[in-house]
Amino acid sequence: MPTISVNKEELFKGLGRRYTFEEFDELCFEFGVEPEEPDEKDVAENPDLALEWKVEIGANRYDLLCIEGLVRGLLVFLEKIQAPRYKTVPAWPGKSQMLRILPRTAEVRPFAVAAVLRNITFTPERYKSFIDLQDKLHQNLCRRRTLVAIGTHDLDTIKGPFYYDARPPSAIKFKALNQTEEMTATQLMELYSNESHLKQYLPIIQDKPVYPLITDSQGVVLSMPPIINGDHSKITLNTKNVFIECTATDLNKAKVTLDTIVTMFSQYCSPQYEGIESVEVVNPCGTSVMYPELHYRLEEIDVSDTNQKIGICIPPGEMARLLTKMCLESTPFDSGNKIMVEVPPTRHDVIHACDIVEDVAIAFGYNNITKTIPQTNCIGNQYSINKLSDLLRQEIAAAGFTEVLTFALCSRDDVADKLGRNIKNVNAVHIANPKTLEFQVARTTLLPGILKTISKNLGMPLPLRLFEISDIVLRDSSKDVGARNERWMCAVNFNKSSGFEIVKGLLDRVMQLVEIPFGKENNGYYIQACDDPTYFQGRCATVILRGKAIGKIGVIHPDVVTKFELNNPCSAFEISVEPLLKSSS
């Protein structure tokens, strides 16, 4: 979850009193966020850390990602102030702004929204918070600028109308933020490829035929989203009017981002909260939309249903008061059976009525909810497959085998080439963008994991007898996720001789435990010779239960042993556990 740093003096000034860390921690717990006091060791190395507290914010609470929003939310929660009303104001006479989106932007980032903050006053602390909020939004809501990129500009240094266009890299040339000379887009991309802060964003547009660009009516470049702003329109402490533009691949996220920025910092406008000015955005098709929307919407919740879900019993008036503390202005209606809740443009996290119910619980206080035993007659129990797996683990361990737990992901070679198989014939679920060669597919067999474990423990005294009972993953088009899990059991005996009789004896013991007789009659089990590239020819068999194959047993092929870097023969069996469950039930 995102974490913000708040200056303690700024925090105390905003809240109107000083807090010890314990008092602030208690307030934050009630509000639903979590503060963290700096470590003494870190403070000793950097004394400035003693001036700040870090606060961990819920990932969906974009309105709390800056000290302005946090203080405002806490003051409303403490009922010291009412939640402000956010609305746009008419443009100053002759100063209305327009952003025109040109058709070629559809090739790279098709959407844009914009707004103006009029008559704003920056201080060093406010300016830092303004930049920090943009960074937090870029990392969180904007998904590292892939969904939305924010640009903020000194409106008094540029002249509308503004144009959102897309041009070939060679046709773009401007002086980027904090640079001393003009460069082409190609030169800038090369420059920033070695810059730790910006190089992570280059792949977003690097392979595109055109790069997005925002210019004013005089051709001055404001920004090349999502990489860098222009130096000409940069914000300073003397800036009084801020032009905000957000380019995006997701229009809804762009609206949320714009709403968050203007509502948080309109408190520094004069008059307070009344400096949000609309910008007309003209789409390529000719239609126009005014942004920011700052949309208020109404939701209804049922009082008795909310009380029942939380496990409390409070009257409608009290419930409405608790919601108002969470910046959700609320009023009872329908004779007190329901509550009308107004969701402001700062609370984009409220998507469904259940989100409102959660806010009632937070405002009421989780510690104040009485613990009760649910009025149900059902008793929780372990899944049968897990219960059988646990019982088998105990018995196999008692038989002298050691349990291992291996990774559910492995390389393609582990489940194919090393086992003598072709990856095209393996029913594996492949990872779309594997980060390492060791984790490319979900395992389709437990055997490679055990063999790799043995290879890492060749210094241990022989014999090594290992087993694992875990899930494998197989592709299955009939499932909604395209795959299914199956519980399997695998055991390996590694010694100077293969010891087939050891694993065969263990298989017989397992079948004895689940009361499955040996033989083809009476739903019994038996083994039948077969060929499998993983096992030595002539020393491999299929395990058959009730006429259906449930696994394999045999001596591991020498090529397989060699590919797993083992120096002694081994034998193994691997069977599905689920058919045993049907037999034991």
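A few points about this structure:
- Highest average packing first - 145-155, 184-194, Cβ atoms within 10 Å: 145-155, 184-194
- Chain lengthening between Asp413 and Ile369 when straightened (0.36 nm per residue, less Cα-Cα): 10.4 nm
- Among Ser571, Ser278, the order of accessible area from largest down is Ser278, Ser571, computed with a 1.4 Å probe on protein heavy atoms.
- Here region 22-47 and region 100-139 have alpha carbon centers that stand 30 Å from each other.
- Full-stretch length increase - Thr121, Ala549 - with 0.36 nm per residue and alpha-carbon distance subtracted: 146.4 nm
- All Cα pairs of region 344-494, percent lying beyond 19 Å: 69 percent
- Asn457-Tyr273 pseudo-label distance in nm [points 7 Å out on the Cα-to-Cβ vector]: 6.5 nm
- Proximal charge balance of Phe467 [Cβ under 13 Å; K/R count +1, D/E count -1]: -1
- Dipole orientation for the chain: of the candidates Pro344, Thr186, Leu213, Thr186 has the Cα lying most toward the positive pole (charges on Cβ; Lys, Arg +1; Asp, Glu -1).
- Centroid-to-centroid separation of region 141-209 and region 534-563 [C-alpha atoms, Å]: 60 Å
- 12 Å Cα-Cα reach of Lys175 towards aspartates and glutamates, excluding residues that sit fewer than 8 places from it in its own chain: Asp231
- Each peptide among 59-70, 230-241 gets the average number of other Cβ atoms lying within 10 Å of its residues, and from highest to lowest they stand as 59-70, 230-241.
- Here the simple spin-label model places points 7 Å from the Cα toward Cβ, and for Asn568 and Ile423 these points are separated by 3.3 nm.
- Mean separation of Cα contacts under 8 Å (6+ apart) over length of region 314-403, as relative contact order %: 19 percent
- Per-peptide average of other Cβ atoms within 10 Å, ordering 310-322, 263-275 highest first: 263-275, 310-322
- Length gained on full extension, Glu195 to Thr287, computed as 0.36 nm times the residue gap minus the Cα-Cα distance: 29.2 nm.
- Whether region 433-585 is rounded, prolate or oblate, judged on the alpha carbon gyration tensor where a/c under 1.5 counts as rounded: oblate
- The aspartates and glutamates within cross-link reach of Lys8, meaning a Cα-to-Cα straight distance under 14 Å and a gap of 8 or more places when in the same chain, are Glu22, Glu23, Asp25, Glu36, Glu37, Asp48, Glu52, Glu68, Glu125.
- Cα-based shape type of region 225-272, given that a ≥ b ≥ c are square roots of the gyration tensor eigenvalues and the cut on a/c is 1.5: oblate
- Computed label-point distance, nm, for sites Ile314 and Cys530 using a 7 Å Cα→Cβ extension: 6.3 nm
- Per residue, the accessible area of region 123-258 comes to 43 Å², computed with a 1.4 Å probe over protein heavy atoms only.
- For region 479-568, the set of GluC sites (Glu not before Pro) satisfying both a DSSP loop assignment and a count of at most 10 other C-beta atoms within 10 Å is given as Glu515, Glu521.
- Dipole in debye (nearest 20) - the chain, about Cα centre, beta carbon charges: Lys, Arg +1; Asp, Glu -1: 1720 debye
- Rounded to the nearest 10 Å², the accessible area of Glu245 at probe 1.4 Å: 0 Å²
- Shape of region 346-430, Cα gyration tensor, a/c cut at 1.5: oblate
- Ordering Ala529, Pro558, Asn495 by Cα displacement along the dipole of region 468-572 toward the positive end leaves Ala529 in first place; charges were set at the Cβ atoms of Lys, Arg (+1) and Asp, Glu (-1).
The values are calculated or read from the model by the stated rules, or taken from the named source; none is laboratory data. Note that the structure is predicted; figures quoted are calculated from it, not measured. FYI the Cβ positions are ideal-geometry reconstructions off the backbone, even for glycines, and counts take in every protein chain you see. All accessible areas refer to the heavy atoms of the entire protein, side chains included, with ligands and DNA or RNA removed. Shrake-Rupley method; radii C 1.70, N 1.55, O 1.52, S 1.80 Å.
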